[in-house]
Every structure is written in structure tokens, then in C-alpha cells.
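Student: Encoded as C-alpha cells, here's the structure I'll be asking about.
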Amino acid sequence: HAMAYLNQHAFGAKLSMQLLAEKLGISNSQLSRRFQAAYRYSPIEYVTLLQLQRARSLLIDTDHTIDHIAEQCGYQNGFYLSRIFTAKLKISPSAYRRTYRF
């Protein structure tokens, strides 16, 4: 149930692990432990992976600005998306777009 919820809500600004844990009737720490045991990622890491996959796709397939892509991926702004993107993928969003766009 947790994975389905995260897949459905990963791109919304109002995603809450506390709310998810409450819906499942468990604590935040239990949610994190159980999810990580089942899927090798914490719920937050999994959501970040989903968001970055979507950002990568949008960078390649659209001409949208980084700010617009950030909004579509659940980030507050382009600066924050750029920070996370660069930290996780070791390349900036603009460099990624230039490198992988056909």
C-alpha cells in the first residue's frame, strides 16, 4: 500500500510520510524500516528517485524551464531541484539536457 501511495503522490507538494504512516496505522520509523526492508530504499529515497526520473524525462522531452519542471516533479523551485539533481546524478539539469537531448 505504501508504494502505491508514493507512486500516486510523489509529485505533489503535499506529500507527507506522517500522513502515510497514519493511513497504514504504523509509526514513521516502522514505515521507513518496513519499506526499506521490502524495497532497499527508504520512502524518501524512493520518492526522490521517482521525482528525478520524471525530471530527467522532462528535461529531454520538453522545452520547459527548470522552474516549471521542478513544479511538475514536486519541488518548490528550480534551484532546489537543481541542487538535488546535481547531488544525486553528479550533473546539473542544464548539462544533462544538453548532453542527452537529441
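Student: Taking the options 87, 95, 55, name whichever one is in a helix (DSSP H, G or I), small (Gly, Ala, Ser) and open to solvent by 30 Å² or more (accessible area, probe 1.4 Å).
Tutor: So the residue among 87, 95, 55 that is in a helix (DSSP H, G or I), small (Gly, Ala, Ser) and open to solvent by 30 Å² or more (accessible area, probe 1.4 Å) is 87.
Student: Which pairs do you get when a residue that is over 17 Å from residue 95 (Cα atoms), found in the range 57-83, comes within reach of a residue that is among the β-branched types (Val, Ile, Thr) and surrounded by fewer than 19 Cβ atoms within 10 Å (Cβ to Cβ), reach meaning Cβ atoms under 8 angstrom, with the pair 6+ apart or on two chains?
Tutor: Here the result reads 75/84, each pair linking the range 57-83 to a residue that is among the β-branched types (Val, Ile, Thr) and surrounded by fewer than 19 Cβ atoms within 10 Å (Cβ to Cβ).
Yes or no, residue by residue, for (1) under 24 Å from residue 96 (Cβ atoms); (2) open to solvent by less than 60 Å² (accessible area, probe 1.4 Å); (3) touching a Lys or Arg at 6+ places or on another chain (Cβ under 9 Å):
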| residue | (1), (2), (3) |
| --- | --- |
| 25 | no, no, no |
| 33 | no, no, no |
| 44 | yes, no, no |
| 81 | yes, yes, no |
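Student: With respect to the numbered conditions (1) surrounded by 13 or more Cβ atoms within 10 Å (Cβ to Cβ); (2) of a type in the set (S, T, N, Q); (3) outside any helix (DSSP H, G or I), which one is the sole condition not fulfilled by residue 76?
Tutor: For residue 76, the failing item is (1).
Student: Just the residues that are open to solvent by less than 30 Å² (accessible area, probe 1.4 Å) and either under 24 Å from residue 69 (Cβ atoms) or not small (Gly, Ala, Ser) (or both), please, taken from the range 6-23. Walk me through it before giving the result.
Tutor: Filtering the range 6-23 down to residues open to solvent by less than 30 Å² (accessible area, probe 1.4 Å) leaves 6, 10, 20-21.
If the condition is that a residue be open to solvent by less than 30 Å² (accessible area, probe 1.4 Å) and either under 24 Å from residue 69 (Cβ atoms) or not small (Gly, Ala, Ser) (or both), then 6, 10, 20 are the ones that fit.
The values are calculated or read from the model by the stated rules, or taken from the named source; none is laboratory data. Since the structure is predicted, the reported quantities are computational estimates derived from the model, not experimental observations. Cβ coordinates were reconstructed from backbone atoms using ideal geometry, including for glycine residues, and neighbour counts include every protein chain displayed. With ligands, DNA and RNA removed, areas are computed over all heavy atoms of the protein, side chains included. Shrake-Rupley method; radii C 1.70, N 1.55, O 1.52, S 1.80 Å.
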